[in-house]
1. Relative contact order (percent) for the stretch 2-251, with alpha-carbon contacts under 8 angstrom and 6 or more residues of separation?
2. Treat each spin label as a single point 7 Å out from the Cα along the C-beta direction, and report the residue 76 to residue 196 distance in nm.
3. Working out 0.36 nm times the residue gap between residue 55 and residue 24, then minus their Cα-Cα distance, what length gain in nm do you get to one decimal?
4. Would you mind computing, in nm to one decimal, how far apart the modelled labels at residue 216 and residue 181 are, each placed 7 Å from Cα along Cα→Cβ?
5. Using helices alone, I'd like the mean residue ellipticity at 222 nm for the chain: each DSSP H run of four-plus residues gives -39500 (n - 2.57), total over residue count, nearest 500.
6. Taking every DSSP beta bridge that has both residues in the chain, what percent is antiparallel when rounded to the nearest 5?
7. Need the full-extension length gain, residue 48 to residue 154, defined as separation in residues times 0.36 nm minus the C-alpha distance. One decimal, nm.
8. Using 0.36 nm per residue of separation minus the Cα-Cα distance, give me the extension gain between residue 207 and residue 139 in nm, one decimal.
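Values quoted throughout were computed directly from the atomic coordinates according to the rules given, and no laboratory measurement underlies them. Model, not experiment: these values are computed from the prediction. In this analysis, Cβ positions are derived from the backbone assuming ideal geometry, glycine residues included, and neighbour counts consider all displayed protein chains.
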């Protein structure tokens, strides 16, 4: 099943209560809470408060967007244990992480090994609490291409580690589709937007592309959240319009 959702950092300037109100108005089902602003790492009090508000609104916590960069703990000063602590209190089923801080073509074998080893470590830690780890499918990380994301997932070879998908702007549609098909066995959640390298567009303008993508995504096993991430002009009004478009897309599956 694919549920409509929202990534909270779409509106970093809004409070959790305001984001929840917007989500309810949009008629979506879940929220990925960001660890960089709305539910800070290690802030247990806030995590509990946000979980309570989310549940009272009949919404679910779809994921914890931690922005934790694997392999960079010492440089960034953020321990995964802090991230996990917040995710537990938030009752998040998934922690979204980034596969390092450099692109696959800039990484040597030592770096690949470092990211692989730590991936397994945090995969084990999270599994103890029935929380999945999911890489962001993103440029300037080891999951920045069709081949690199597949290589990382296969070499990590951990049943508690999955990967998000989003349409990378630097790829043409055929390559986006190929990458998505390859990710289906490992698919976690989906970040939904319609952009190019220079502009954001309404999701309505991306209906054709997203009809194709969801036709593939529906083959993935289990439950997934298709979550709007940023919108044209950064306005709540556009988010509400995009949420309606997203629900129409999902109703056709």
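1. For the stretch 2-251, the relative contact order is 21 percent.
2. 3.2
3. 10.0 nm
4. That separation, rounded to one decimal, is 0.8 nm.
5. The per-residue figure over the chain is -13000 deg cm²/dmol.
6. If we restrict to bridges inside the chain, about 5 percent are antiparallel.
7. Stretched out fully, the residue 48 to residue 154 stretch lengthens by 34.6 nm.
8. The residue 207-residue 139 span can extend by a further 22.1 nm.
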